[in-house]
1. Filter region 319-340 down to the residues that are open to solvent by less than 40 Å² (accessible area, probe 1.4 Å), farther than 17 Å from His149 by Cβ and among the β-branched types (Val, Ile, Thr), then identify the one that is farthest from the chain's Cα centre (by Cα).
2. Among residues belonging to region 30-54 that are in a helix (DSSP H, G or I) and of a type outside the set (A, V, I, L, M, F, W, C), point out the one that is most open to solvent (accessible area, probe 1.4 Å).
3. Exactly one condition in (1) under 23 Å from Ala358 (Cα atoms); (2) in contact (Cβ under 8 Å) with a residue 12 or more places away in the chain; (3) not β-branched (Val, Ile, Thr) is false for Glu288; which is it?
4. So is Ser343 in a helix (DSSP H, G or I), of a type in the set (S, T, N, Q) and either within 19 Å of Gly219 (Cβ to Cβ) or open to solvent by 40 Å² or more (accessible area, probe 1.4 Å) (or both) or not?
5. If only one of Lys180, Lys147 is touching a residue at least 40 places away in the same chain (Cβ under 8 Å) and over 21 Å from the mean Cα position of the chain (by Cα), which one is it?
6. Restricting to region 103-122, give me the number of residues that are touching a residue at least 40 places away in the same chain (Cβ under 8 Å) and open to solvent by less than 10 Å² (accessible area, probe 1.4 Å).
Amino acid sequence: MIMGNKKNYFTCMRKMITMFLFAFIVHNTFAQHPIRVVVAGLNHDHVHGILNQYNNGLVDIVGIAEPSKALQQKFGKLYHLPDSLFYDDLKKVVSEKKPDAVLGYNAAGKHLDIVRVCAPLGISVMVEKPLAANLSQARQIETLANKFHIKVLTNYETTWYPSYQDVYNTVTSDSIGAIKKMVVHDGHQGPKEIGCSKEFLSWLTDSVLNGAGSLNDFGCYGADLMTWFMHGRKPIAVTAITRHYKPKEYPKVDDDATIILEYPNSTGQIEASWNWPFSIKDLEIFGETGYLHALDGKNIVSRMRENIKGTKVADALSAPVNDPINYLTAVLSYTISGTNDQSSLQYNMVVMEILDAAKRSAATGRRIVL
């Protein structure tokens, strides 16, 4: 019995040491060299960000999978990319290049296609928000991620806002008491109005490829933030109203959505629209004794019960949670877990349940209980 215990002990220690050495080697490899990625799709206007990072040496793009020759030529000229970087087929490029991860810059309704290719090859994926066009696709993504033990992460612009992290830290430190109400405004004058590319518009304004209009495009931000502030808990119920103010410009999808989330002791209100008079992304948190308002990515105003008012500029975020590539690198190198945060699959499955319930509520006029 004693010998058996010793044998088990040493076996356990060997496994722990092996895991530690593996994580150490992986971490140092990523620390010394930019992460190697394949870009899947070029019809999402957010792709300009990653291509700028590539030109600045912050990420190593080893291949771009894009079936459109016109988009290949457009971005090749714009960012001085060699023809050898472009492929028509995602499976071919990931099989040849064996990247650390694949970044999805295609239609939300095509994110599942990326995961279907990458999961069996053990390649993790990060897509632009939302995770998928609908809940059914999201559940298939989750099944593949769990089966093949890969990370599937979702990138939101607001995840990297110092002001939002500052508000979150203040709330979690119990500085304003328990949350009673959350309000998130997201959107702009409309994707056509602000000059989105025709390739982006072709799927963003499609009810199948995007899953909805402003409800998916901007409602996902609020759903993700509220899931974060509620530490991954689902709302009890969802009620939503969608409007169609611009049927000529957006004949297939809603262009305005208001979504109410009910939690046991608080309420969330998501206001997502392509009808704002200006671009807006802000966050309001009402606590028992105080109020915090992140006006944008940096600036915060506050008000306490005693009518004490304040303003501040949030401190810049520190790596690796200050940028999607830094974050992804840290997840792949096991520096951070990539679970229970705004980008995680766990939280984004809740986001997809909220969006699905919102669509059903808007269609039926009913409160949807989760």
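1. Thr329
2. Initially, region 30-54 is screened for residues in a helix (DSSP H, G or I), giving 30-32, 47-54.
Pick out the ones that are also of a type outside the set (A, V, I, L, M, F, W, C) and you get 32, 48-49, 52-54.
Numbers: Gln32: 132, His48: 57, Gly49: 38, Asn52: 75, Gln53: 34, Tyr54: 58 Å².
Checked region 30-54; the qualifying residue most open to solvent (accessible area, probe 1.4 Å) is Gln32.
3. Going through (1) under 23 Å from Ala358 (Cα atoms); (2) in contact (Cβ under 8 Å) with a residue 12 or more places away in the chain; (3) not β-branched (Val, Ile, Thr) one by one, Glu288 breaks only (1).
4. Values: in a helix (DSSP H, G or I): no; of a type in the set (S, T, N, Q): yes; either within 19 Å of Gly219 (Cβ to Cβ) or open to solvent by 40 Å² or more (accessible area, probe 1.4 Å) (or both): yes.
Answer is no for this residue.
5. Numbers: Lys147 fails: touching a residue at least 40 places away in the same chain (Cβ under 8 Å).
Sole residue among the options that is touching a residue at least 40 places away in the same chain (Cβ under 8 Å) and over 21 Å from the mean Cα position of the chain (by Cα): Lys180.
6. Taking region 103-122 as the starting set, the residues that turn out to be touching a residue at least 40 places away in the same chain (Cβ under 8 Å) are 103-110, 114.
If we keep only those that are open to solvent by less than 10 Å² (accessible area, probe 1.4 Å) too, we end up with 103-104, 107-108, 114.
Residues that pass the stated criteria total 5.
Here's the yes/no breakdown for (1) open to solvent by 30 Å² or more (accessible area, probe 1.4 Å); (2) in contact with a Lys or Arg (Cβ under 8 Å, 6 or more places away or on another chain); (3) under 20 Å from Met126 (Cβ atoms):
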| position | (1), (2), (3) |
| --- | --- |
| Asn56 | yes, no, yes |
| Val62 | no, yes, yes |
| Glu66 | no, no, yes |
| Lys74 | yes, no, no |
| His80 | yes, no, no |
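To keep it simple, each residue is scored yes or no on (1) touching a strand residue (DSSP E or B) at 6+ places or on another chain (Cβ under 9 Å); (2) at pLDDT 95 or above.
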site: Gly4; (1), (2): no, no
site: Asn8; (1), (2): no, no
site: Ile17; (1), (2): no, no
site: Asn28; (1), (2): no, no
site: His33; (1), (2): yes, no
site: Ala40; (1), (2): yes, yes
site: His44; (1), (2): yes, yes
site: Gly49; (1), (2): no, yes
site: Leu58; (1), (2): no, yes
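The values are calculated or read from the model by the stated rules, or taken from the named source; none is laboratory data. Computed from a predicted structure; not experimentally measured. In this analysis, Cβ positions are derived from the backbone assuming ideal geometry, glycine residues included, and neighbour counts consider all displayed protein chains. Accessible surface is based on the protein model in full, side chains and every heavy atom, while ligands, DNA and RNA are left aside. Shrake-Rupley method; radii C 1.70, N 1.55, O 1.52, S 1.80 Å.
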